[in-house]
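The values are calculated or read from the model by the stated rules, or taken from the named source; none is laboratory data. Computed from a prediction, not measured in an experiment: that's the story for all the values here. We place every Cβ from the backbone using ideal geometry, glycine too, and count neighbours over all the protein chains shown.
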Amino acid sequence: MGPPVFKTGEIEYLGLAGSIPVRLRQAHSTGVRTTMRQADPRSRIPRTDQLLALPAVAEARARLSERTIRAVLAEAQASARSGALPPEAVADAVGAALATRSAMGLRPVLNATGVVVHTNLGRAPLSTAAVQALLAAAGYVDVELDLHSGTRSKRGLGARAALLAACPAADEALVVNNGAAALVLATTALAAGREVVVSRGELIEIGAGFRLPDLIESTGARLREVGTTNRTHLRDYADAIGPDTGCVLKVHPSNFRVEGFTAGVSITELAPLAAERGVPLVVDLGSGLLEPDPLLPDEPDAASALTAGADLTTASGDKLLGGPQAGVLLGRGGIVTRLARHPLARAVRADKLALAALEATVAGGTTPVIAALHAEPTRLRERAERLAAAVGAAVIPHDGRVGGGGAPGVPLPGWAIRLPEAAAQLLREGTPAVLPRVHDGACLVDLRCVPEADDENLTAAVQAAVNGLA
Ligand SMILES: *Cc1c(COP(=O)(O)O)cnc(C)c1O
């Protein structure tokens, strides 16, 4: 089927791909006299019913709502009425606008910052396995059904099994909506109306104004602060634990480090005290490593914390674990079950998409987060040099970061290309959108978190930005 031909007034013109023939044909068939006679070009603007008959509209109906499509048509007609768009170009403009419009307002971004877990970019990018699981779970799935018996089953058994297989130190696992929800559920179920004993050195603000002490107090638990900002001793905990203690909480102060004259109490030291007094020891890990990563020796992990004597750990699913937004609770059976049965658990439960993606992340191979963390500096340099040669820029050493509050201050040695600072906005607003790092008056493009498969797209985007600077 060829492009549709519209008749408006006396002028025939081609829609869509016929933008060049339009003018030729118009000039050919009507000549100057027609233009003179067309006193009001607005009469040549295609009507809505004509535009709705375009093949581009039929194609777009699979992706976009009728309301969105009509808004696109109205916008093009309005541009023509205001004179910004020639009436003959309206059909083309509609075709182009519909082709690029997606039902999703979120735009995919190439992360060229070198920051692996970038909160403003949605933290962890999902693995291929997780994306497939998420798509498979998008329809009806047996999330709470035993297909063998046809009866109701517990929710999230697959994710639970994957977590327990990956972290045998835990007896039981529970997945909730995010890390903050995991902490709220734990403090509510264990300490509402009672005290949470926590070191002053661990009362952190995580980001976007999220303050841990406020969150804990919002559950109706009272904070019982022990020690000082830089030093807390075992006897501080011993003095504070009493009949009113709901739990002892240790928080990984993920995004900062206290240096110098400091003292903290390890889980290994604290666990026997908590056990002797009969209070649960909860550890908020933050980052979500299930086992130690040699690259990040100071980053806590669930297996080590539980082995050292923690009763319960809480963590995020979308930081170093590399999965979807989720809160992961791992620990002793009795405690996790108590949390799972609390009425609040229903309000913070994970959705089927997150459960599917988390299970695939934990059961699957290397995640994009781990791949970016462990990217070979020599390979990063080769890729940066190829990009630099293509666009005429310089390559400089550049350290990446874990981000998302993980491993503060730990550099990930790599490379970046350096562009003038003004390139940053052009990159952000380009297609595909690229987020570079702006530092010291320069725009730095770091390839650590850009999948190699996207190198060509990145080169094209950087080239376009460089051209835009000229
Ligand atoms: C990130 C973090 C949280 C909050 O987790 P979310 O998944 O963002 O809700 C809580 N505690 C610590 C220590 C963290 O690092």
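For this structure, a couple of remarks:
- Members of segment 419-433 found to be closer than 18 Å to Asp455 by Cβ and of a type in the set (Gly, Ala, Ser), listed by number: Ala423, Gly430, Ala433
- Top-ranked residue of segment 306-335 - restricted to ones that are among the polar types (S, T, N, Q) and surrounded by 24 or more Cβ atoms within 10 Å (Cβ to Cβ), ranked as farthest from the ligand (Cβ to nearest atom): Thr313
- Here His398 fulfils each of the conditions (1) modelled with pLDDT of 95 or more; (2) under 22 Å from Pro451 (Cα atoms); (3) within 16 Å of the ligand (Cβ to nearest atom); (4) not hydrophobic (A, V, I, L, M, F, W, C) apart from (3).
- Taking segment 56-146 as the region of interest, the helices (runs of 4 or more DSSP H) fully inside it that hold 1 or more residues being out of contact with any Gly (no Cβ under 8 Å at 6 or more places or on another chain) and under 21 Å from Ala356 (Cα atoms) are 128-136.
- Index of the failed condition, Arg346 passing every other in (1) in contact with a helix residue (DSSP H, G or I) (Cβ under 9 Å, 6 or more places away or on another chain); (2) without any contact (Cβ under 8 Å) to a residue 40 or more places away in the chain: (1)
- Look at (1) out of contact with any His (no Cβ under 6 Å at 6 or more places or on another chain); (2) buried (at least 19 other Cβ atoms within 10 Å of the Cβ) and you find that Pro300 fails only one, number (1).
- Matching residues, segment 240-279, being assigned to a strand (DSSP E or B) and polar (S, T, N, Q): Thr245
- Residues being in a loop (DSSP other than H, G, I, E, B) and within 17 Å of Thr307 (Cα to Cα) - total across segment 280-291: 4
- Test: residue in segment 189-196 that is of a type in the set (Val, Ile, Thr) and without any contact (Cβ under 8 Å) to a residue 60 or more places away in the chain: yes
- Residue count for segment 106-130, restricted to those that are surrounded by fewer than 15 Cβ atoms within 10 Å (Cβ to Cβ) and either under 13 Å from the mean Cα position of the chain (by Cα) or closer than 26 Å to Cys443 by Cα (or both): 4
- Among (1) among the hydrophobic types (A, V, I, L, M, F, W, C); (2) within 24 Å of Leu289 (Cα to Cα); (3) within 16 Å of the ligand (Cβ to nearest atom); (4) assigned by TED's automatic domain parsing to the domain that holds Leu270 - the single one Leu164 does not satisfy: (3)
- Subset of segment 173-231 [within 27 Å of the chain's Cα centre (by Cα) and of a type in the set (Lys, Arg)]: Arg211
- Test: residue in segment 135-156 that is touching a helix residue (DSSP H, G or I) at 6+ places or on another chain (Cβ under 6 Å) and within 16 Å of the ligand (Cβ to nearest atom): no
- Looking across segment 292-321, the residues that are over 16 Å from Ser254 (Cβ atoms), part of a loop (DSSP other than H, G, I, E, B) and modelled with pLDDT of 95 or more come down to Ala308, Gly309, Ala310, Asp311.
- Per this entry, Pro377 is counted among residues that are out of contact with any Asp or Glu (no Cβ under 6 Å at 6 or more places or on another chain) and free of Cβ contacts under 8 Å to residues at least 60 places away in the same chain.
- Which listed residue, of Ala161, Ala181, Ala170, is of a type in the set (Gly, Ala, Ser) and not in a helix (DSSP H, G or I): Ala170
- Candidate set: segment 274-305, residues that are small (Gly, Ala, Ser) and closer than 19 Å to Tyr237 by Cα; chosen: the one nearest to the ligand (Cβ to nearest atom): Ala305
- For Ala356, the requirement of being more than 28 Å from Leu106 (Cα to Cα), buried (at least 21 other Cβ atoms within 10 Å of the Cβ) and within 20 Å of the chain's Cα centre (by Cα) is not met.
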